[in-house]
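Quick one: the structure is below, and I'll ask about it shortly.
The values are calculated or read from the model by the stated rules, or taken from the named source; none is laboratory data. Remember, predicted model here, so these are calculated numbers, not experimental data. Positions of Cβ are backbone-derived with ideal geometry, glycine not excepted, and every protein chain shown enters the neighbour counts.
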Amino acid sequence: MAKISVLSDQVANQIAAGEVIERPASIVKELVENSLDAGATAIEIEFKKGGTSFIRIEDNGCGMSEEDASLSLQRHATSKIRDADDLNELTSMGFRGEALPSIASVSKFQLQTREVESDSGTDILINGGKVVHHRECGMPPGTRMTISQLFNTVPARRKFLKTVSTESAHIVHYARLYALAHPEVAFTLIDDGRTLFRTPACVRLRDRVMEIFGKSVAGKLIEVEAKEMGMRLSGLIGAPGHSRSSRHEMLIFVNNRPVENRTLGYALIESYYGHIPKGRYPVAFLFLDLSPKDVDVNVHPAKREIRFRNESSVRGFAVRAILEALQKSVEIVAAPVVRSAPVGKAQTFDIGDSSEETVESKRTPILSSPKIDTPVKKAKVSEKTKTASETKSVSIVTEEVVFENEAGPIEEVAQVVERDWQFIGWAQDDYALFDTDSGVVVLDFKAAQKRVWYARLLASYENRTVESQKLLLPLPVEFDPVSSAMLTDNAELFEAYGLEVAPFGRNFFRIEAVPSWLPEKEAEAYLGEWVDLLRNGSISDKKAGATQELLAKHAVHNIVRGASTPGETELDELLDSLFQTNNPLADPDGRPTFIEIAKSELNRRFHKK
Ligand code: ADP
Ligand code: MG
């Protein structure tokens with residue numbers, strides 16, 4: 001057995017360097033973080049040959065005293081935390097005190113630093129972990145670190161480096177990340193003497209994006225800004241339709257630290273569902289701020305990955321915020337076409353996704369195309385009809401029933417229905433008054449609408465021609481585990497009735513389509529009601545008849561609830577439709593749709609003969 005011995009600091013540092021310093025870009029990352037922690041307002045990054053031959057990071061931050069400069073090169077020397085408890089409330093980028101000694105152990109490393117208070121700075125040169133010189137130097141306040149001959153002491157590591165252009169790309173990526181996270185800091189990036197960007201301190205993120213990514217990217221971004229339960233999500237995301245082939249421009253920051261986080265990345269991609277083609281990625285510069293207590297940053301050596309204490313609440317919040325921003329931008333661009341079909345008029349919308357067309361066309365709207373299977377009654381208006389406003393006496397003298405089939409229309413003359421009601425006016429909001437040959441009619445227009453809709457919905461359920469409306473933006477909803485399980489098991493049942501719901505993570509669902517009469521904003525509440533009906537056993541795929549009636553009844557209450565008083569023409573159409581149903585006298589709950597007061601009754605009440 002070999003004898004155990006404690007590793008020398010030099011070896012320990014090199015091992016740590018293996019974790020912290022993967023590649024030249026890691027050095028840039030660590031040093032820029034140090035500069036930010038030091039309160040710099042200007043940071044300059046220069047590199048050559050992908051950083052393998054030269055890296056210089058210079059800042060105007062607080063600098064270090066001579067004593068601190070020496071200390072900073074020792075392992076686990078940090079000014080940022082004192083004990084393990086501080087880890088729970090990290091506000092600084094660094095905290096391990098590993099970066100400087102690690103870098104110094106695998107390169108030729110020069111640290112020059114000066115505090116404002118002192119007249120001169122400190123200059124320490126280390127090569128492969130050994131101090132070459134330590135002296136006073138003249139310099140402006142701040143810190144300059146210069147790294148050359150990277151991995152000179154560990155030749156094996158050099159072999160793992162990729163091409164110069166790949167390593168350069170990684171450095172540029174990090175420089176952009178930090179420049180985005182800190183618009184208030186002026187950044188300069190120089191590659192082999194060529195200035196890649198030089199941005200002054202900016203107030204707005206959009207200005208910074210423009211400086212770094214150019215006008216064309218900045219112009220296609222929409223703003224995100226939302227707060228919920230101590231969390232804030234802000235930043236810029238690509239407008240719908242704006243996508244990339246890779247996720248390189250999906251930049252996510254948590255408490256201003258660039259991170260790779262599945263929860264947020266997934267929330268982002270999912271939110272763009274239907275907005276960008278499958279397999280493409282959104283552009284995003286997203287900033288999530290939450291209490292440091294709710295984030296664990298100490299799970300990855302390079303601090304790139306983080307974990308949230310409550311993943312699902314972060315995810316729910318992010319999805320809501322992103323969808324809301326997308327929704328807003330869509331409303332601005334396409335305000336007239338986003339709404340659901342209004343009651344009584346069926347509309348189909350082109351949502352710009354041709355893959356949905358087949359689905360839409362299979363679901364023939366029953367209202368706009370009643371000719372399929374159902375007879376169309378064309379009411380012929382009798383000669384008695386005067387101009388609209390004088391009298392509203394409309395008699396249906398004949399009705400032609402038109403069946404359309406492959407052989408062409410077959411016309412038949414159906415029985416004659418007479419209706420001779422003259423509209424007088426409205427009373428008590430909901431009641432339409434009519435004068436008739438034999439008395440007075442009082443119609444409850446909402447009850448009439450319920451009957452008409454009830455018949456339509458039942459017909460559509462029976463014919464499997466339920467008209468549903470694809471949501472422009474799928475709506476995320478969350479349920480408790482029991483409801484979720486029921487919903488998952490009954491997704492097909494719901495779909496048959498026009499409510500399409502897809503699972504979307506544990507206990508999360510996405511409402512993708514709703515019955516077309518349902519306003520989008522009521523979709524979530526409506527789904528909730530259906531789930532309740534499901535849970536108490538009122539609806540199921542085993543008792544189709546009862547389920548159809550119950551859902552139709554349920555629907556008509558919702559449809560009619562917010563209905564506004566119809567105009568005279570609509571009222572006429574309503575009466576036509578009402579009398580085509582199998583029970584025009586009552587609404588689906590059995591309440592009367594209208595009452596007639598006979599002339600004789602009026603005479604009796606007024607004590608006339
Ligand atoms: P950490 O950042 O985890 O504390 P580092 O090894 O990166 O560890 O840095 C060690 C210490 O050196 C820091 O805690 C800080 O006090 C000091 N330091 C590093 N870079 C700078 C800088 N650019 N300006 C001022 N102080 C710095
Ligand atoms: Mg550090």
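Residues in region 270-295 that are part of a loop (DSSP other than H, G, I, E, B) and aliphatic (A, V, I, L, M): how many? Please lay out each step first, then the result.
Residues of region 270-295 that are part of a loop (DSSP other than H, G, I, E, B), as a first pass: 272, 274-275, 277-280, 283, 290-291.
If we keep only those that are aliphatic (A, V, I, L, M) as well, we get 283, 290.
Of the residues in region 270-295, 2 are part of a loop (DSSP other than H, G, I, E, B) and aliphatic (A, V, I, L, M).
Which of the residues spanning region 490-522 are modelled with pLDDT of 90 or more and more than 21 Å from Ala459 (Cα to Cα)?
Hits for region 490-522 are Val501, Ala502, Phe509, Arg510, Ile511, Glu512.
Separate question: Between a residue in region 144-171 that is at positive phi and any residue that is not hydroxyl-bearing (Ser, Thr, Tyr), which pairs come within a Cβ distance under 6 Å, given they are 6 or more apart or on different chains?
Gln149/Lys108; Phe151/Val106; Phe151/Arg157; Phe151/Arg158
List pairs: first residue in region 24-43 and free of Cβ contacts under 8 Å to residues at least 12 places away in the same chain, second residue assigned to a helix (DSSP H, G or I) and within 7 Å of ligand 1 (Cβ to nearest atom) anywhere in the structure, Cβ distance under 9 angstrom, at least six positions apart or on different chains.
Short answer, once both residue conditions are applied: none.
Touching a residue at least 40 places away in the same chain (Cβ under 8 Å), within 29 Å of Ser271 (Cβ to Cβ), in contact with a helix residue (DSSP H, G or I) (Cβ under 7 Å, 6 or more places away or on another chain) and assigned by TED's automatic domain parsing to the domain that holds Gln449 - does that describe any residue in region 536-554?
no
Assuming Gly537 fulfils every condition listed in (1) within 18 Å of Leu527 (Cβ to Cβ); (2) in contact with a Phe, Trp or Tyr (Cβ under 8 Å, 6 or more places away or on another chain); (3) surrounded by fewer than 17 Cβ atoms within 10 Å (Cβ to Cβ) apart from one, which condition is it?
Failing condition for Gly537: (2).
Now, a different point. Taking Arg244, is it touching a Ser or Thr at 6+ places or on another chain (Cβ under 6 Å), basic (Lys, Arg) and in contact (Cβ under 8 Å) with a residue 12 or more places away in the chain?
Details: touching a Ser or Thr at 6+ places or on another chain (Cβ under 6 Å): no; basic (Lys, Arg): yes; in contact (Cβ under 8 Å) with a residue 12 or more places away in the chain: yes.
Taking the combined requirement at face value, the residue does not satisfy it.
Of the residues in region 194-232, how many are outside any strand (DSSP E or B), of a type in the set (A, V, I, L, M, F, W, C) and either over 11 Å from Phe285 (Cβ atoms) or touching a residue at least 60 places away in the same chain (Cβ under 8 Å) (or both)?
Filtering region 194-232 for residues outside any strand (DSSP E or B) gives 200-220, 229-230.
Now narrow it down to the ones that are of a type in the set (A, V, I, L, M, F, W, C): 201-203, 205, 209-210, 212-213, 217-218, 229.
Within this subset, residues satisfying the condition of being either over 11 Å from Phe285 (Cβ atoms) or touching a residue at least 60 places away in the same chain (Cβ under 8 Å) (or both) are 201-203, 205, 209-210, 217, 229.
Residues that pass the stated criteria total 8.
Would you mention how many residues in region 424-471 are basic (Lys, Arg) and within 16 Å of Thr581 (Cα to Cα)?
Residues in region 424-471 being basic (Lys, Arg) and within 16 Å of Thr581 (Cα to Cα): 4 in total.
(1) touching a Lys or Arg at 6+ places or on another chain (Cβ under 7 Å); (2) farther than 30 Å from Leu286 by Cβ; (3) surrounded by 20 or more Cβ atoms within 10 Å (Cβ to Cβ): which one isn't true of Leu150, the others all being true?
If we test Leu150 against (1) touching a Lys or Arg at 6+ places or on another chain (Cβ under 7 Å); (2) farther than 30 Å from Leu286 by Cβ; (3) surrounded by 20 or more Cβ atoms within 10 Å (Cβ to Cβ), just (1) comes out false.
Can you confirm whether Ala156 is of a type in the set (Gly, Ala, Ser), at pLDDT 85 or above and not assigned by TED's automatic domain parsing to the domain that holds Val254?
Numbers: of a type in the set (Gly, Ala, Ser): yes; at pLDDT 85 or above: no; not assigned by TED's automatic domain parsing to the domain that holds Val254: yes.
No; evaluated as a whole, the condition is false for this residue.
Just one of (1) surrounded by 16 or more Cβ atoms within 10 Å (Cβ to Cβ); (2) at pLDDT 95 or above; (3) more than 15 Å from ligand 2 (Cβ to nearest atom) trips up Ser35, so point out which.
(3)
If Gly50 meets every condition in (1) at pLDDT below 95; (2) more than 40 Å from the chain's Cα centre (by Cα); (3) among the small types (Gly, Ala, Ser); (4) away from ligand 2 (no atom under 12 Å from the Cβ) apart from one, which number is that one?
Condition not satisfied by Gly50: (2).
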